[in-house]
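The values are calculated or read from the model by the stated rules, or taken from the named source; none is laboratory data. Predicted, not measured: the structure shown is a model, and the values here were computed from it. Note: ideal-geometry Cβ built from the backbone for every residue, glycine included; neighbour counts use all protein chains shown. Ligands, DNA and RNA are excluded from the accessible area calculation, which covers all protein heavy atoms including side chains. Shrake-Rupley method; radii C 1.70, N 1.55, O 1.52, S 1.80 Å.
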Amino acid sequence: MTQHLAELLMYVAPEPIRHANERWLTRILERLGSSRFDATELSLTDLWLSPHLLLTQTCGYPLMTALRGQVRVIGRPRYELPDSSGGSHCSLLLSRADDPWQTLPDFRDSRGVINGEDSNSGMNLLRHRLAPLHRDGQFFASVAISGSHCESLRWLREDQADLAAIDSVTFAYLARHAREEVAGLRVVARSALSPTLPYISAAGTSVEQAEHLRQVMNQTLSELPKVAQILGIKEVLPAREIDYQLVLDYEQEAQALGYGRLR
């Protein structure tokens, strides 16, 4: 039995989502006759770039920056969730429901929070959405980094920040399984659509191997209807690196409007 690295770490909360991903991954590995290396001590970057990587998921922005040309794209999920369908998702720009500000321009000089500077949904799509509204390269009075979407939501709830962009898949999962995480928050606006987060394998994976893996992922989804229902995934669509050029197009559009850095 061969050993590989295989982890699905982009959506691990709430617990039903983490458990469903683990069940799916276990069945995939069974179908492939493979076992898993322990990835506990690996950073996300080390996992993504490992030559032993069989399967994981990354974000579209690092795919096109730090990982470009160094991994093999397997496919992308077709979710059927609110604000996520057909292989695309978006960011929901959220504030507290009792905030007196109603529209995006009202939030100028407020406190922004992002999950990380390399996040497509938390940073890049937010920057793109705010680019037409900046003044002298600035929109927020301050921008802080929370470390995760769930932390950004907590900052909003506890009045440590005023506006955050949250991946629509994350929001849908929390709204279904952990409503307290999004209680008291409202959607101010939505970002442009973006391809859903890609599944990747090591750069040495051939096109044929990647397609076989995608087919196994879909086969196991059909064998685990409860898992598919919890994850909201109908199928894994074919995808290539070039499909994520849109992520960089959004970055370039913001730069052309003078808002190259979110601040």
Requested in this report: Scan region 200-227 for residues that are open to solvent by 20 Å² or more (accessible area, probe 1.4 Å) and not hydroxyl-bearing (Ser, Thr, Tyr) and report the count.
Outcome: 14
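Here is a yes/no grid of residues against (1) over 17 Å from Phe139 (Cα atoms); (2) modelled with pLDDT of 95 or more; (3) of a type in the set (Val, Ile, Thr):
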| site | (1), (2), (3) |
| --- | --- |
| Lys226 | yes, yes, no |
| Glu235 | yes, yes, no |
| Asp243 | yes, yes, no |
| Leu246 | yes, yes, no |
| Gln252 | yes, yes, no |
| Ala256 | no, yes, no |
| Arg263 | no, no, no |
Query raised in the report: Any idea which of (1) closer than 21 Å to Asp249 by Cβ; (2) in a loop (DSSP other than H, G, I, E, B) is the one Asp99 doesn't satisfy?
Result: (1)
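Let's see how each residue does on (1) open to solvent by less than 20 Å² (accessible area, probe 1.4 Å); (2) among the acidic types (Asp, Glu); (3) at pLDDT below 95:
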residue: His134; (1), (2), (3): no, no, no
residue: Gly147; (1), (2), (3): no, no, no
residue: Asp162; (1), (2), (3): yes, yes, no
residue: Leu174; (1), (2), (3): yes, no, no
residue: Leu193; (1), (2), (3): no, no, no
residue: Pro198; (1), (2), (3): yes, no, no
Requested in this report: Examine region 49-65 for a residue that is modelled with pLDDT of 95 or more, assigned to a strand (DSSP E or B), hydrophobic (A, V, I, L, M, F, W, C) and open to solvent by 10 Å² or more (accessible area, probe 1.4 Å), and state whether such a residue exists.
Outcome: yes
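Being small (Gly, Ala, Ser), more than 19 Å from Leu248 (Cβ to Cβ) and part of a helix (DSSP H, G or I) is the requirement here; does Ala39 meet it?
On the way: small (Gly, Ala, Ser): yes; more than 19 Å from Leu248 (Cβ to Cβ): yes; part of a helix (DSSP H, G or I): no.
It is false that Ala39 is small (Gly, Ala, Ser), more than 19 Å from Leu248 (Cβ to Cβ) and part of a helix (DSSP H, G or I).
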Query - Positions within region 84-93 being surrounded by fewer than 22 Cβ atoms within 10 Å (Cβ to Cβ) and within 11 Å of Gly232 (Cβ to Cβ), in sequence order - result: Ser85
